[in-house]
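In what follows, a structure is listed as structure tokens, so that the remarks can point back to it.
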Amino acid sequence: MPGFKTFHVNFKTPGSLIPIAPGALLSLTPEPSAQPAGPHIPKILIADDNVIVLKTVAIKLKSAGYEVRTAMDGSTAISCVRRERPDLIILDIHFPADILRAGGISWDGFLILDWLRRIDEVRDTPIIFITSGEPAKFREKAMSAGAVAFFQKPIDQEEMLNVIRHTVGDPPESSPSASAGF
């Protein structure tokens, strides 16, 4: 746009205020590497097109001290994994066609897993599959695809929490619940 300039700025000074226009200030926050290192809080991505499943599982995991991200479709799940690099992924098997973002790709959990296994940085991320479909039809396929667990909906959340603790460990005692997702 005429009269506007784009600036790319990389400041490492926490709390700096920079004037950007008359009466406007830009507040700078520290880069993630400049923040004090604390205990690692395991990050979990929940990918499901059912908002009730997303919220109930996210609430359970946050209350247990885990950091949670959510995705309601395949392309968002892939993008989130690339950006956030979760320690574990809870992945639904069935998703509706992703018409708006992916040109009508009919995602399913196995296709998402196939894509994830091609990304070096997240290739070995543990996966828990969940489904409302026939467990006999999907359990063996999920486990042979490398899933650490398989749950039929409605999910036994205590059992899932035990699997998560066994897979990625307990979050630190003093960790505040993360507030990402939704």
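The values are calculated or read from the model by the stated rules, or taken from the named source; none is laboratory data. All values reported here derive from a predicted model rather than from experimental measurement. With ideal geometry, Cβ positions are generated from the backbone for all residues, glycine too; neighbour counts draw on all protein chains shown.
Confirm whether ARG165 is at pLDDT 95 or above and either more than 18 Å from the chain's Cα centre (by Cα) or among the charged types (D, E, K, R) (or both). Criteria met by ARG165.
LEU91 meets all of the listed conditions (1) in contact with a Gly (Cβ under 6 Å, 6 or more places away or on another chain); (2) outside any strand (DSSP E or B) but one, namely (2). Scanning segment 119-164 for residues that are under 19 Å from PRO42 (Cβ atoms), in contact (Cβ under 8 Å) with a residue 40 or more places away in the chain and of a type in the set (Lys, Arg) yields a count of 0. Tell me, which residue of segment 151-160 that is part of a helix (DSSP H, G or I) and touching a helix residue (DSSP H, G or I) at 6+ places or on another chain (Cβ under 9 Å) is nearest to VAL57 (Cα to Cα)? Looking at residues that are part of a helix (DSSP H, G or I) and touching a helix residue (DSSP H, G or I) at 6+ places or on another chain (Cβ under 9 Å), I get GLN157. Taking into account only those residues within segment 69-104 that are modelled with pLDDT under 90 and exposed (fewer than 15 other Cβ atoms within 10 Å of the Cβ), which is nearest to ILE52 (Cα to Cα)? Out of the qualifying residues, it is PRO96. Restricting segment 41-68 to residues that are charged (D, E, K, R) and in contact (Cβ under 8 Å) with a residue 60 or more places away in the chain, the residue that is surrounded by the most Cβ atoms within 10 Å (Cβ to Cβ) is ASP48. Taking segment 127-150 as the range and being surrounded by fewer than 19 Cβ atoms within 10 Å (Cβ to Cβ) and in a loop (DSSP other than H, G, I, E, B) as the test, the residues that pass are SER132, GLY133, GLU134, ALA145, GLY146, VAL148.
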